[in-house]
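Colleague: Shown below is the structure under consideration.
Please treat every number below as a calculation from the coordinates, not as lab data. This is a predicted model, so every value here is computed, not measured. As a convention, Cβ positions derive from the backbone with ideal geometry for all residues, glycine included, and neighbour counts pool all protein chains shown.
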């Protein structure tokens, strides 16, 4: 039961352009959505998150949009830089306090071309 | 360096064997989480410990067990290994009991890559 899905295994974008990574979910009980970035041979690192009661959160070049009716979120990176080349995981949090879980998508490998 | 230390980095073993993966959380963090990432899969949550007690459980097999010790380091024990157990195993830590939603982040280690032959 894949509750969080990233349907694009890979994405290639030219440097300076916008990168848009997408994520779909099925469970309406998720209360937070997070994006993690992973470089080879390293663990994932937190990038940005959004509460389920908001529809947009911005942090510098990174913006996350949430469309609850469509159960869809997206991460926009503008402008894209070569250092953004990494695997991006979408994750969603569910569960009552004290027994929460993060459910991750399969990841999207983003390549920024010079 | 994230502050979360996982050992060993790589491990190759045979089917039927038992291995132990170790995790030292970031200083000050009381929660430890274990995740499994198989080929082309997302990170699958296995288990969470908070200050020595099991707090949340995911799809962890009965052949797998974990514990968190008084010094807060954690071990994940995998027994009767099968080929399908080959994966990257990540440990993560956070300060509190609640899974971080942002500012108070979940910090991952670099992972232990297990290969079962």
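Colleague: Out of the DSSP beta bridges found with both residues in the stretch A:65-114, what percent are antiparallel (nearest 5)?
Modeller: 100 percent
Colleague: If contacts are Cα pairs under 8 angstrom and at least 6 residues apart, what is the relative contact order of chain A in percent?
Modeller: 36 percent
Colleague: Order the peptides A:44-51, B:15-22, B:41-48 from the highest to the lowest mean number of other Cβ atoms within 10 Å of their residues.
Modeller: Those peptides, ordered most packed to least, come out B:41-48, A:44-51, B:15-22.
Colleague: Now for a separate question. Can you pull the one-decimal nm distance between simple spin-label points at residue A:2 and residue A:78, each 7 Å off the Cα toward Cβ?
Modeller: 2.9 nm
Colleague: Could you line up A:59, B:85, B:40, A:31 from fewest to most neighbouring Cβ atoms inside 10 Å?
Modeller: Starting with the residue having the fewest Cβ neighbours, the order is B:40, A:59, A:31, B:85.
Colleague: Across peptide B:47-54, how many C-beta atoms of other chains are within 10 Å of each residue C-beta, on average?
Modeller: Partner-chain Cβ atoms within 10 Å, mean over residues of B:47-54: 1.
Colleague: Among A:56, A:68, which comes first, second and so on when ranked by fewest other beta-carbon atoms within 10 Å?
Modeller: A:56, A:68
Colleague: Could you please rank B:91, B:23, placing first whichever residue has the fewest other Cβ atoms within 10 Å of its Cβ?
Modeller: In order of increasing Cβ crowding within 10 Å: B:23, B:91.
Colleague: I would also like to ask the following. Using only the alpha-carbon atoms of chain A, report the extent along each of the three principal axes, biggest first, to the nearest angstrom.
Modeller: Cα spread of chain A along its principal axes, largest to smallest: 44, 30, 22 Å.
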